[in-house]
Amino acid sequence: MYRYFLHISYNGKAYHGWQIQDNAISVQAVLNEKISIALQENIYVVGAGRTDTGVHAEFFMLHFDTHKEITDKDSFIDKINKLLPQDIAAYNIYCVPNNANTRFDAISRTYEYRISRKKNPFLTHLSWYYRFPLNLESMNEAALTLFDYEDFTSFSKTGTQVKTNLCKIYEAQWFYKEDSVLVFRIKADRFLRNMVRAITGTLIDVGKEKISINAFRKTIEAKNRSKAGFSVPAHGLFLTDIEYPKELILSIRR
């Protein structure tokens, strides 16, 4: 049995998230189908995370097991891309140790939330259009307070079945990627369901001067989702990076 990591990206507009669902199309379901066709074998893929409906992934890793050794990797990637729809692309495949896991071996993930400050028809489904004034300095100052906490219950979707709401934040900052595209980048060891969108929306409230930086801090301390701000729309959110331990990277057989 061989285990492979597959590097992909996808536009989430047409999908009800990553995870397989009974009555909706998902990225995972499409990849199961197409890789199974390519290998002529029943394949089940495991993703590095579970993006929500409409969320995009510029960088995503999945793994799967197969009885077949993939010797010509360029040919396999070409074959997969011919089978995949235009909104999912495969870039590279790596043979890894049989105990390697794209989800549980990840040591950090990075998301970006992108806001168009000017109306742009070419970014309609790839950013959230918000033209009103924002105090960027206050938003960045409030973002820094995230480093002081580990319990982010206030930004988690209620009713999720997770053992802990503890997360370690490594990066949180606002910046302009282009003249009219404002970006919030956040990196952590793990994320709760809806966490990035809820943090972003609450920081927008700071930027609108609807709440103070101190109020943002108290929102975190409340550990209550009802105390936080709104969740920004999904179509502006991108998973942009996943980090793995160096020993795993070194063990990959290219």
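Here is how the numbers come out for the structure above:
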item	result
Checklist (1) within 30 Å of residue 180 (Cα to Cα); (2) in contact with a Lys or Arg (Cβ under 6 Å, 6 or more places away or on another chain) applied to residue 96, failing item	(1)
Selection from the stretch 73-102 of residues that are farther than 13 Å from residue 34 by Cβ and hydrophobic (A, V, I, L, M, F, W, C)	93, 95, 96, 100
Yes/no for residue 194 being under 20 Å from the mean Cα position of the chain (by Cα) and not aromatic (Phe, Trp, Tyr)	yes
Residue in the stretch 205-213 that is surrounded by fewer than 18 Cβ atoms within 10 Å (Cβ to Cβ), of a type in the set (D, E, K, R) and within 20 Å of residue 104 (Cα to Cα) present	no
Residue in the stretch 14-34 that is buried (at least 16 other Cβ atoms within 10 Å of the Cβ) and on the phi > 0 side of the Ramachandran plot present	yes
The one condition in (1) crowded, with 20+ Cβ neighbours inside 10 Å; (2) of a type outside the set (D, E, K, R); (3) touching a residue at least 60 places away in the same chain (Cβ under 8 Å); (4) over 26 Å from residue 250 (Cα atoms) that residue 54 fails to fulfil	(1)
Any hit, the stretch 204-214, residues being of a type outside the set (A, V, I, L, M), touching a residue at least 40 places away in the same chain (Cβ under 8 Å) and at positive phi	yes
Residue in the stretch 226-238 that is under 21 Å from residue 111 (Cα atoms), of a type in the set (A, V, I, L, M) and in contact with a strand residue (DSSP E or B) (Cβ under 8 Å, 6 or more places away or on another chain) present	yes
Flag for residue 63 being touching a residue at least 12 places away in the same chain (Cβ under 8 Å) and more than 30 Å from residue 115 (Cβ to Cβ)	yes
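Condition check ((1) under 23 Å from residue 30 (Cβ atoms); (2) over 23 Å from the mean Cα position of the chain (by Cα)) across all residues:
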{"site": "92", "(1), (2)": "yes, no"}
{"site": "112", "(1), (2)": "no, no"}
{"site": "118", "(1), (2)": "no, yes"}
{"site": "129", "(1), (2)": "no, no"}
{"site": "136", "(1), (2)": "no, yes"}
{"site": "140", "(1), (2)": "no, no"}
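One line per residue, one yes/no per condition, for (1) closer than 30 Å to residue 93 by Cα; (2) within 22 Å of the chain's Cα centre (by Cα); (3) buried (at least 18 other Cβ atoms within 10 Å of the Cβ):
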{"position": "176", "(1), (2), (3)": "no, yes, no"}
{"position": "218", "(1), (2), (3)": "no, no, no"}
{"position": "229", "(1), (2), (3)": "no, yes, yes"}
{"position": "236", "(1), (2), (3)": "yes, yes, yes"}
{"position": "252", "(1), (2), (3)": "yes, no, no"}
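Read-outs: derived from the displayed coordinates by stated rules, not from any lab. Keep in mind that this is a model prediction, so the values were computed, not measured. Heads up, the Cβs are rebuilt from the backbone with ideal geometry, glycines too, and the neighbour counts pull from every protein chain shown.
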